[in-house]
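Below is one structure, written out as structure tokens; comments come after it.
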Amino acid sequence: SNLLPYCAIDLHGATEPLIISALNGAAIDLCKQSGCWNTWEDIVLESGVGEYDISPPSGNSRLWLIRTALFNGREFKPMPADQQAAITPAMFDQQGTPTCYWFSGVSTMQVLPKPSDTDAGRIIKVRAVWIPTINATTLDSDLMERYMDAIIAGANARLMRIPGQAWSNPQLSSYYENQNKQLVGAARIDQMGDMTIGNLAVKPRKFGTIR
């Protein structure tokens, strides 16, 4: 699939890199606002290990947030930022059944206390929301195919509102912006019903090249 020609029809004079950047920006906004690109992952606890990496669905993805975390059949809540500031080095050495988590890196989950021997092998089920990286030139195939209309509308709205260009068109920009809002809203409803992009083994597709 190739999104570039769908935008180029209404953007005469816009360069390919500019359109690709707008498409990627629209895809990022879509994922942030709707949470439609998300994956479930089982984090298997190990005795004495406090840090666990969340696996990205592709090399062009970045963790946006954890929508849900479940442990022992119950919600596993993140530690508030003000409590994180009060953590002492000694607390990192404590072992027991984990009661909370936070992120110590871009996609690294830190649990506290560290799991004990009796907790080893237990599973934290994590539902992670992802967004494309800022310089991505490819998108997850399912994301692009399911939400291509929202991404295209968002890109057109972004570029057409730029003043003083051959493709500037404030009126048409408003039309595409409204269309994008409706489609992003529909994507948000999809994810509320769990009709979401899963962790599928699919090849990312380029914005500007048919693959």
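The values are calculated or read from the model by the stated rules, or taken from the named source; none is laboratory data. Please read these numbers as outputs of a predicted model, since none were measured by experiment. Note that each Cβ is placed from the backbone with ideal geometry, even for glycine, and that neighbours are counted across all protein chains shown. SASA here: full protein model, heavy atoms, side chains in, ligands and nucleic acids out. Shrake-Rupley method; radii C 1.70, N 1.55, O 1.52, S 1.80 Å.
The figures follow:
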item	result
Heavy-atom accessible area per residue - the chain, 1.4 Å, Å²	52 Å²
Kirkwood Rh and Cα Rg combined as Rg/Rh, segment 36-95	0.99
Within segment 56-70: backbone nitrogen closer than 18 Å to the TRP40 label point (7 Å, Cα to C-beta)	56-57, 66-70
With every protein chain in place, the chain: carbon and sulfur % of accessible area (1.4 Å)	52 percent
THR133 versus THR118: modelled label distance in nm, points set 7 Å from Cα along the beta carbon direction	4.3 nm
Viscosity 1.306 mPa s, 10 °C: Kirkwood-radius Stokes-Einstein D of segment 1-142 over Cα pairs, µm²/s	92 µm²/s
Gaussian network model of the chain, Cα within-10 Å springs - most flexible of GLY59, GLY164, GLY25	GLY164
Using alpha-carbon coordinates, inclination of helix 16-34 to the longest axis of the chain, degrees	50 degrees
Spin-label model distance (nm) - VAL49 vs GLN182, 7 Å beyond Cα toward Cβ	4.9 nm
Summed residue charge, Cβ within 11 Å of PRO113's Cβ, Lys/Arg positive, Asp/Glu negative	-1
